[in-house]
Amino acid sequence: MRTIFTLSAIAACAIATPSFADEEGDWTGAYVGLSAGYTDAKSDQTVALSGAWTSESAPLQTHVVSFYPNNTKVQDINYGAQLGYNYQTGGGLVLGLEAEVTGLSGSDAAGKPLTATPPFPALSYASSTTFDPKVAYGLKAKLGFASGKTLFYATGGWGWTNADITMDITSNGGYQKVASTSHTFDGYQVGGGIEHKLGSNMSLRLDYTYTDQGDFVFNTAYTPTSTFQTPAYVETFRSDLRMHMIRLGVNFHF
């Protein structure tokens with residue numbers, strides 16, 4: 001988050017100009033643009049055991065549940081494009097609608113090596129988690145106020161993010177389970193920004209978006225090399241996704 005605030009301060013200084021409130025501007029019309037910035041994405045994971053796990057002792061079940069890494073965090077650059085339309089009413093009120101697509105860089109992996117199980121020291125487990133967000137989409141409404149060539153605005157809408165998720169667990173007894181899936185999270189997004197026209201057809205903006213995209217439930221499956229195939233031990237994971245995105249963009253108006 002410190003990086004986000006630093007980028008925000010730098011970009012805000014770049015946007016601000018001495019003619020900030022003295023020039024006339026009309027924001028009505030369509031626009032298309034490019035943007036780049038920084039993403040802080042976090043996914044929390046929880047696991048529940050069922051199936052044949054219920055026949056195991058409570059201490060062993062507790063150990064397996066607590067042994068999994070419970071969160072991953074991706075902090076890296078983003079880049080994308082946006083397309084929208086603004087309508088300026090009397091008094092400087094601006095209404096708009098915008099669609100965007102954002103590529104997300106980076107991934108995070110966490111894991112633990114083979115570690116003895118306290119209830120059964122001869123039994124060891126290893127686990128790993130990988131979270132890799134790929135691309136985010138958004139559709140949002142805009143409500144703003146124009147002061148000359150500068151526009152202050154708030155946004156709200158819906159977002160979608162595609163991510164690859166992998167979970168696995170192995171034991172020294174030959175127990176091997178894995179879950180590898182690609183899922184599109186979706187949920188609400190809110191944010192805001194400041195935009196300043198550099199001329200009649202081009203503007204520079206600083207934009208912030210927070211999105212909470214719910215959670216996703218999935219199960220592990222036995223690998224072909226697992227010495228266990230039955231009975232059916234089941235690990236059910238629940239992963240969520242929350243993101244902060246700060247972006248500096250340039251728009252071309254028509």
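Things to note:
- If you sort the three axes of the alpha carbon gyration tensor as a ≥ b ≥ c, you get a/c of 1.5 or more for the range 2-253 and a/b above b/c, which makes it prolate.
- Calculated from backbone phi, Karplus (6.51, -1.76, 1.60) coupling profile of the range 229-234 in Hz, x at Gly/Pro: 10, 9, x, 7, 7, 10
- Of interest is the spacing of the C-alpha centroids, which for the range 159-196 and the range 222-241 amounts to 17 Å.
- Among Thr39, Thr28, Thr230, sorting on how many other beta-carbon atoms sit within 10 Å of each Cβ, with the fewest leading, yields Thr230, Thr28, Thr39.
- Computed helical MRE - 222 nm, the chain, DSSP H runs ≥ 4 contributing -39500 (n - 2.57), nearest 500: -3000 deg cm²/dmol
- Selection from Leu139, Gly106, Asn78 lying farthest towards where the dipole of the chain points positive, charges on Cβ: Gly106
- The alpha-carbon of Lys42 sits under 16 angstrom from the alpha-carbons of these lysines, leaving out residues fewer than 8 places away in its chain: Lys73, Lys134.
- Options Leu241, Gly156, Thr166, ranked by Cα towards positive dipole end of the range 2-253, top entry (Cβ charges): Thr166
- Computed from Cα positions, the angle between helix 58-67 and the longest principal axis of the chain comes to roughly 40 degrees.
- Backbone HN-Hα couplings from phi across the range 166-175 [Karplus 6.51/-1.76/1.60, Hz, Gly and Pro as x]: 10, 10, 8, 9, 9, 10, 6, x, x, 7
- For Asn172, distant residues with modelled amide H under 5 Å away: Ser124
Every number here is computed from the coordinates shown, using simple stated rules; none is lab data. Just so you know, these numbers come straight off a predicted model, no measurement behind them. With ideal geometry, Cβ positions are generated from the backbone for all residues, glycine too; neighbour counts draw on all protein chains shown.
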